[in-house]
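One structure below.
Quick note: the coordinates plus some simple rules give every number you see, no bench work behind them. Note that the structure is predicted; figures quoted are calculated from it, not measured. Cβ coordinates were reconstructed from backbone atoms using ideal geometry, including for glycine residues, and neighbour counts include every protein chain displayed.
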Amino acid sequence: MSYARRTHHLKPEGAYQVLGRAQSLEASGRKIIHLEIGEPDFQTFSNVSLAGIKAITQGMTRYTPPIGMKSLREVIAEDAGSRRGLEIHPDQVVVSPGAKPNLFFPVLSLIEPGDEVIYPNPGFPTYEAMIQVAGGIPVPVPLLESNSFSFDLEAFHRLVSDRTRMIILNSPSNPTGGVIPLTDLEQIAAAAQRHNCWVMSDEIYARIVYDGRSVPSIAALPGMSERTIIVDGFSKTYAMTGWRLGFGIMPRDLANVVQLMLTHSVGSTAHFVQVAGIEALTGPQEQVDRVVTEYQRRRDAIVAELNAIPGVTCQRPEGAFYVFPNIQSFGRTSSEIANLILDEAGVAVLPGDAFGEYGEGYLRLVYSNSLENIQIAIDKIGKVLQLL
Ligand SMILES: Cc1ncc(COP(=O)(O)O)c(C=O)c1O
């Protein structure tokens, strides 16, 4: 059987592959600590779940406009705008089942075959996949450990050109937890304007930042809102990964095109899920703050413990729930080390190259797990690495 060329580059996400292997070990009786899947370990807040359940019992189980319910888009425009210092009109908001369609459909709407798209490497694997499906040319820009995993700006300036149609940013980042500083965003924004290209700013971890900081959005810089697509959602902030609720914020004309894409693909986002989304944004936010405080405690612990393993160095990420320790001193590939850690220590982690070639030499660990499990896991990892 032959498949259309646009599918030829598609690969499974590394996280699901490692999860599959970990689960088959569990099926054979092994105890595994999971630090591979990037989702919160706590439950959806009960006020949000109850709002969804109530919506179902009230019959909110119908189609909605493909672009999303007006009442939810109004709440998103207000909340997302005030957090970023931006004036956002509800017509700019496109609701989708999870954030992913708001990555994929704007790319399909804007990228012609042969257009170059700059994106972070190591980075979320969907970026490369969607560029390739659109027929674009993926242009990876390395993230620099020495610059808190922000873009390697020298490489960026070398690679950006009039052939660039879009620049994809992700801050805080999956897989590094790095945050792009304002000064770097200013340089990227100037280049985007000089070369007349779009910016897609994946800000899905924008609420999960530490030490009282907030993450700047490139969309808030002068002249940028008309060329930026902000991608965000409920999966990480409100522990709603399985509900599938995300959104994009973009110029109205583009929102109308993306709405057509949704119309002819997913149709619309589940009605009652959107009602739960309104509750998430308008209900108490202290529960988000509490969770972020807990993540910060775990981040501090995991970074300290990883750095105490001889041969491992680990930056202190400013956001998301990932650490990306450097394991180059062991002289093995990150896949070899991740496999060894799963087989010998019973801890599931991802090799850095699951996020692109510049992730080689690193591992990605998710610390959305109990402090106790994290401590046991790092202790076991240390014992395995010391035998190398
Ligand atoms: C950087 C990044 N963007 C987007 C997504 C997708 O989010 P959703 O599950 O809401 O589609 C993820 C999920 O892991 C992510 O890490």
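Take the Cα gyration tensor of region 118-229, multiply each eigenvalue by 5, square-root it, and list the three semi-axes largest first, rounded to whole angstrom. Display every interim value, and only then the final one.
Numbers: eigenvalues 81, 53, 37 Å².
Output for region 118-229: semi-axes of 20, 16, 14 Å.
How big is the dipole moment of the chain about its Cα centre under a simple scheme where the beta carbon of each Lys and Arg is +1, that of each Asp and Glu is -1, and everything else is neutral? Debye, nearest 20, please. All intermediate terms of the calculation are to be shown ahead of the outcome.
Working: 32 positive and 41 negative charges, 150 e Å.
Here the size comes out at about 720 debye.
Just check region 208-285 against the gyration tensor rule for me: Cα atoms, a ≥ b ≥ c as the square roots of the eigenvalues, rounded for a/c under 1.5, and otherwise prolate or oblate depending on whether a/b exceeds b/c. It would help to have the intermediate numbers written out before the result.
Values: a/c = 2.42, a/b = 1.04, b/c = 2.32.
Cα axes put region 208-285 in the oblate bin.
Taking the Cα centre of region 57-99 as the origin and placing charges on Cβ (Lys, Arg +1; Asp, Glu -1), which of Ser82, Ser71, Gln58 is farthest toward the positive end of the dipole?
Of Ser82, Ser71, Gln58, it is Gln58.
For the residues Glu336, Glu145, what sequence is obtained by ranking on other C-beta atoms within 10 Å, fewest first? Walk me through the intermediate numbers first.
Numbers: Glu336 14, Glu145 20.
Ranked by crowding around the Cβ, least crowded first: Glu336, Glu145.
Setting aside same-chain residues fewer than 8 positions from Lys70, which lysines have a Cα under 16 Å from its Cα?
Partners within reach: none.
Please express the shape of region 338-388 as an equivalent ellipsoid: the semi-axes are the square roots of 5 times the eigenvalues of the C-alpha gyration tensor, given largest first in whole angstrom. Walk me through the numbers before you get to the answer.
Details: eigenvalues 73, 41, 13 Å².
For region 338-388, the semi-axes come out at 19, 14, 8 Å.
I need the calculated FRET efficiency for the pair Phe42 and Asn307, taking r as the beta carbon distance and R₀ as 25 Å, to the nearest 0.05. Before the final figure, lay out the partial values.
Working: r = 26 Å, r/R0 = 1.05.
The calculated FRET efficiency here is 0.40.
If N is the number of residues in region 233-370, what value comes out of its Cα radius of gyration divided by 2.2 N^0.38 Å? Walk me through the intermediate numbers first.
Working: Rg = 19.5 Å, N = 138, 2.2 N^0.38 = 14.3 Å.
Against the compact-globule rule of thumb, the ratio is 1.36.
What are the residues whose amide H is under 5 Å from the amide H of Leu363, where those residues sit 5 or more places off or on another chain and H is modelled from the backbone?
Here Ile327, Gly352 satisfy the definition.
Mind putting a number on the dipole of region 164-240 about its Cα centre? Charges go on the C-beta only, +1 for Lys and Arg and -1 for Asp and Glu, and I need it in Debye to the nearest 20.
In total the dipole reaches around 100 debye.
Select from Val199, Leu221, Leu281 the residue farthest towards the positive end of the dipole of region 177-330; place +1 on Cβ of Lys and Arg, -1 on Cβ of Asp and Glu, and compute about the Cα centre.
The listed residue farthest towards the positive side: Val199.
Per residue, how big is the convex hull of region 60-124 when only Cα atoms are used? Give it in Å³. Mind dumping the intermediate values first?
Working: hull volume 9.2 nm³, N = 65.
Taking the convex hull of the Cα positions in region 60-124, it is 142 Å³ per residue.
In terms of Cα to Cα distance under 25 Å, which lysines are near enough to Lys380, apart from those fewer than 8 places away along the same chain?
Those lysines meeting the cut-off are Lys31.
Compute the separation of the alpha-carbon centres of region 1-49 and region 151-223 and state it in Å as a whole number.
So the two Cα centres are separated by 28 Å.
How long are the semi-axes of the ellipsoid equivalent to the chain, from square roots of 5 times the Cα gyration tensor eigenvalues, in whole Å, largest first?
Values: eigenvalues 208, 133, 84 Å².
Its equivalent ellipsoid spans semi-axes of 32, 26, 21 Å.
In nm, to one decimal, how far is the Lys54 label point from the Gln187 one, both placed 7 Å along Cα→Cβ?
Result: 5.0 nm between the two label points.
May I ask which of Lys11/Lys383; Lys236/Lys383; Lys54/Lys100; Lys54/Lys236 have a Cα-Cα span longer than 29 Å here? Working shown, then result.
On the way: Lys11/Lys383 32 Å; Lys236/Lys383 32 Å; Lys54/Lys100 27 Å; Lys54/Lys236 23 Å.
Correct reply: Lys11/Lys383; Lys236/Lys383.
Report, please, the projected area of region 298-388 averaged over directions, based on the convex hull of its C-alpha atoms, in nm².
Across all orientations, region 298-388 yields a mean hull projection of 5.1 nm².
Using the Karplus equation 6.51 cos²θ - 1.76 cosθ + 1.60 (θ = phi - 60°), what ³J(HN,Hα) coupling, rounded to whole Hz, does each residue of region 277-282 give in order, writing x for Gly and Pro?
Listing the rounded values in order: x, 4, 5, 4, 7, 9 Hz.
Grab the alpha carbons of region 271-320, take their convex hull, and tell me the volume per residue in Å³. The partial results should precede the final answer.
Details: hull volume 4.5 nm³, N = 50.
Output value, Cα hull per residue: 89 Å³.
Compute the separation of the alpha-carbon centres of region 326-345 and region 69-101 and state it in Å as a whole number.
Taking the Cα centre of each part, region 326-345 and region 69-101 sit 42 Å apart.
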